[in-house]
Amino acid sequence: MMEDPLELAPYVGFVDGEVKSLCKQYSRSYEECRRWYDGYSFEYAEKVYNPHSVVRAISSGKFDTYWNQTETYEALKIYITMNFDGLRDSIIKLLAGERLSINTKTFRNDMTTFQSADDVMTLLVHLGYWGYCHSTEEVLIPNQEIMREYYNAVTASDWDVIARAFVVTEKHWRTTREKFSL
């Protein structure tokens, strides 16, 4: 469903106009909200936000990670840690801001049968941990909130190489933001 919800896309989460309205109503930064929680897009809704996180940020006034980790993600960490079919290497590329092509058609629509890294990555799309561009069939880390979730995951594990890649990515992101006043 998260890879292509068709005409249901505007109901997957808050759409851009709703977020702009909420930010204006509660005097919150729309740009910061977009940086933290935007990144999901579909043919029928170009900007879709995680509603739970937006509401928490708007009500608290603090932009942070409010993601609800799932038990499924914990199980997937095993595949990531053992670099199943190059999965950990793919995560490093995503943390560096790259997009990766995947084949979502091999996914068996269950939480346990994985034949390839594409199957695991497709499940991560369905769980909302990755954004998916249907037209290019590529995945990406959609926003700052999810980037922080990966940071939390790698710092609590033995993913040294990923942790180092994340630190470099964060440094470049901050430098770019400062240089271009983003």
Given (1) closer than 20 Å to residue 134 by Cα; (2) surrounded by 13 or more Cβ atoms within 10 Å (Cβ to Cβ), number of the condition residue 109 does not satisfy: (2)
Top-ranked residue of region 1-27 - restricted to ones that are in contact with a Leu (Cβ under 9 Å, 6 or more places away or on another chain) and farther than 13 Å from residue 51 by Cβ, ranked as surrounded by the fewest Cβ atoms within 10 Å (Cβ to Cβ): 1
Total residues in region 31-59, condition assigned to a helix (DSSP H, G or I) and farther than 19 Å from residue 146 by Cβ: 1
Members of region 65-102 found to be at pLDDT 75 or above and aromatic (Phe, Trp, Tyr), listed by number: 66, 67, 84
Close pairs from region 1-22: first under 17 Å from residue 127 (Cβ atoms), partner assigned to a loop (DSSP other than H, G, I, E, B) and among the polar types (S, T, N, Q), Cβ under 7 Å, at least 6 apart: 13/50
Residue check for residue 101: more than 22 Å from residue 144 (Cβ to Cβ), touching a strand residue (DSSP E or B) at 6+ places or on another chain (Cβ under 8 Å) and of a type in the set (Gly, Ala, Ser): yes
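The values are calculated or read from the model by the stated rules, or taken from the named source; none is laboratory data. Every value quoted in this text rests on a predicted model; they were computed, and no experiment measured them. Please note: Cβ atoms are built from the backbone with ideal geometry, for glycine as well, and neighbour counts cover all protein chains shown.
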